[in-house]
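Heads up, the thing below is written out as structure tokens.
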Amino acid sequence: MKRLSLTRTELWSFAALAAASLLILACAPAQYFGRQQDDLLYFISAHALSEGHYRLFTSPLMVPLVMITPGFPLLLLPLAWLAPGGHALAQAFCALLTAALPWALYFFLKKRLEPLVALLIALLVASSPIVLSQAGTVMSETAYLLSTLALLAALEKRGAKAELGAGGWLLAASQIRPAGISLLPALLAGRGRAPAPLARLLGPAALGAALWSLWSWSVSGQVQELEEFRLSYADRPPIRVLSVAWENLVFYLEAWGGSYLPAGWTGASVWAGLLLAALAADGCRRALRRDRADRASWLLIGAAAMHAVWAWQYQRYLIPLLPFLLAAAAASLGRFTRPALGALLAAQLLVHAPRWIGAHGSWATPELERTYAFINGRSRPEDILASALFVRDGYHAGRPSVPLPDGDDAEDFAAALKRRRVRQVLWQSRLELGLTAQRSSPLQERLDRSERFLENRALFKLIHEDREEGSRVYWLR
């Protein structure tokens with residue numbers, strides 16, 4: 001039997017990776033459950049699957065869950081069977097999944113980069129405030145990144161069986177997050193047009209997307225992602241695409257650059273992000289000069305194109321891209337790679353990591369905690385609540401909930417609420433919706449109209465206001 005032996009370098013590397021995993025676990029859960037609403041939707045979707053349907057059972061409307069592709073809920077399904085009534089197990093599972101990320105990145109990158117560079121990139125991703133702020137949240141980015149790594153590793157193998165395996169991982173990635181469509185340039189780079197290999201590679205994901213689209217269309221008359229894209233640009237001039245792309249670029253540059261600078265250095269963060277992005281772009285250029293089919297470069301190109309026109313922006317969207325961005329930037333640094341990555345790691349650990357350790361930050365408890373208590377205490381369990389983030393608000397207020405309707409005027413708005421048997425309406429100012437070019441967003445205009453309608457005292461009575469929380473509660477007259 002062959003004896004396993006580790007070098008001193010490997011031991012130090014594994015100790016560093018273990019420390020990175022412990023750091024992630026020490027920050028979990030970084031956000032209260034339901035803060036992002038999508039985390040609650042993933043949890044609800046898994047429980048819906050466990051009950052043999054796929055509908056939003058927390059709402060009296062029982063709408064089909066067309067907004068959540070089933071990949072990540074299927075991953076959570078065993079937890080829904082084990083713990084039907086609680087979310088702590090799902091949070092613990094997601095924390096462990098993120099804690100496994102530095103190990104997966106290290107072993108993936110070590111085959112492609114110098115071991116120390118691979119280790120530094122794995123540690124940089126694991127200790128990024130963007131990652132730590134999502135530690136223990138029931139979100140899909142980590143699972144998507146892990147499936148992407150498995151897909152890229154499978155693509156390096158030859159043969160029909162390997163192509164089917166890669167096709168399976170593409171199916172998983174695209175069903176965990178519809179953003180998996182941005183992987184297509186990386187998959188097709190350098191491949192011939194032979195139909196059989198392409199069918200094995202793309203067939204499972206194409207079939208999954210077709211079935212999901214057909215089901216979505218049959219139960220709701222639309223495909224959610226296409227409808228969201230349409231709404232983002234509805235009745236807007238073509239130049240809106242450019243304004244969305246510009247605001248997204250500035251946002252993600254600031255988010256990436258700010259990972260290594262003190263909070264509040266907004267102006268410097270953008271320039272730091274621009275420098276890092278320029279290094280990454282140069283690294284991609286070098287890689288494509290050596291190999292026009294370099295998959296990591298095409299992955300970044302596909303993701304950049306997608307996020308340029310997608311009219312939502314969240315820092316967590318960077319999580320699946322961070323290792324590839326850092327690897328591309330490292331390729332441009334030459335002999336300065338190790339000291340530069342080491343300096344970024346030190347800055348990140350000193351400036352940001354302490355903020356998230358212990359999970360006691362500003363996101364630890366609901367920002368509308370007092371308002372939820374008021375609603376719970378001033379209504380009956382069957383009273384229906386309407387709000388913008390109705391899934392989150394209904395969960396924490398302990399009431400069935402529905403979304404705010406759209407209306408041409410206050411009377412139409414109130415009538416739509418009455419048809420849904422709504423008793424109370426919750427309004428939150430300073431609402432974080434992640435909308436790009438928010439002032440010109442059709443969705444923001446719809447919310448602004450709703451706020452104006454609620455000011456109609458003949459139709460709505462203000463029964464509670466908490467200026468510190470930025471919330472108001474109304475009764476329908």
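The values are calculated or read from the model by the stated rules, or taken from the named source; none is laboratory data. No experiment lies behind these values; they were computed from the predicted model shown. Glycine also receives a Cβ, built like all others from the backbone with ideal geometry; neighbour counts cover every protein chain displayed. Side chains included, ligands, DNA and RNA excluded: accessible areas come from the protein's heavy atoms. Shrake-Rupley method; radii C 1.70, N 1.55, O 1.52, S 1.80 Å.
Couple of notes before you dig in:
- Nearest-ten-degree value, helix 337-351 long axis tilted from longest Cα axis of the chain: 30 degrees
- Of all lysines in the structure, the ones whose alpha carbon falls short of 20 Å from that of residue 418, not counting any fewer than 8 places away in one chain, are 461.
- For residue 47, solvent-accessible area (1.4 Å; no DNA, RNA or ligand), Å²: 10 Å²
- Net +/- balance of residues flanking residue 14 in space, Cβ distance below 15 Å, scoring K and R +1, D and E -1: +1
- Computed over the chain: relative contact order in percent, which uses C-alpha pairs under 8 Å that are six or more apart: 18 percent
- Helix-only [θ]222 nm of the chain, DSSP H runs n ≥ 4, -39500 (n - 2.57) each, per residue, nearest 500: -19000 deg cm²/dmol
- Each peptide in 397-408, 217-228 was scored by the mean count of other Cβ atoms within 10 Å over its residues; highest first, the order is 397-408, 217-228.
- Taking the Cα centre of the chain as reference, the dipole from Cβ charges on Lys and Arg (+1) and Asp and Glu (-1) amounts to some 1380 debye.
- Solvent-accessible area of residue 53 with every protein chain in place, 1.4 Å probe, in Å² to the nearest 10: 50 Å²
- Taking Cβ atoms as reference points and 13 Å as the exclusive limit, the residues near residue 275 contribute a net charge of -2, counting Lys and Arg as +1 and Asp and Glu as -1.
- The residues 418, 110, 157, sorted by heavy-atom accessible surface at 1.4 Å with ligands and nucleic acids left out, run 157, 418, 110 from largest to smallest.
- Here the 3J(HN,Hα) profile of the stretch 432-439, calculated from phi with Karplus coefficients 6.51, -1.76 and 1.60 at θ = phi - 60°, is 8, 10, x, 7, 7, 6, 4, 4 Hz, Gly and Pro shown as x.
- Couplings 3J(HN,Hα) of the stretch 44-61, computed from phi: 5, 4, 5, 6, 4, 4, 5, 9, x, 9, 9, 9, 7, 6, 7, 10, x, 6 Hz, in residue order, whole Hz [Karplus 6.51 cos²θ - 1.76 cosθ + 1.60, θ = phi - 60°; x for Gly and Pro].
- Mean Cα-pair separation over length for the stretch 1-157, i.e. relative contact order, pairs under 8 Å, 6 or more apart, %: 35 percent
- Alpha carbon centroid spacing (whole Å) that separates the stretch 4-34 from the stretch 447-475: 47 Å
- Heavy atoms of residue 139: accessible area, 1.4 Å probe, square angstrom to 10: 10 Å²
- Relative packing of 232-243, 167-178, which averages over residues the other C-beta atoms within 10 Å, highest first: 167-178, 232-243
- Axis of helix 240-257 versus longest Cα principal axis of the chain: the two differ by about 60°, to the nearest ten degrees.
- Relative contact order of the stretch 381-443, taken over Cα pairs closer than 8 Å and 6 or more residues apart, is 34 percent.
- The stretch 191-328 shape via C-alpha gyration tensor axes, a/c threshold 1.5: oblate
- Those residues of the stretch 258-277 whose amide nitrogen sits under 14 Å from the label point placed on residue 19, 7 Å along Cα→Cβ: none
- Accessible surface, 1.4 Å probe, highest first, among residues 22, 344, 76: 22, 344, 76
- Dipole magnitude of the stretch 161-236 about its Cα centre (Cβ charges: Lys, Arg +1; Asp, Glu -1), debye to nearest 20: 340 debye
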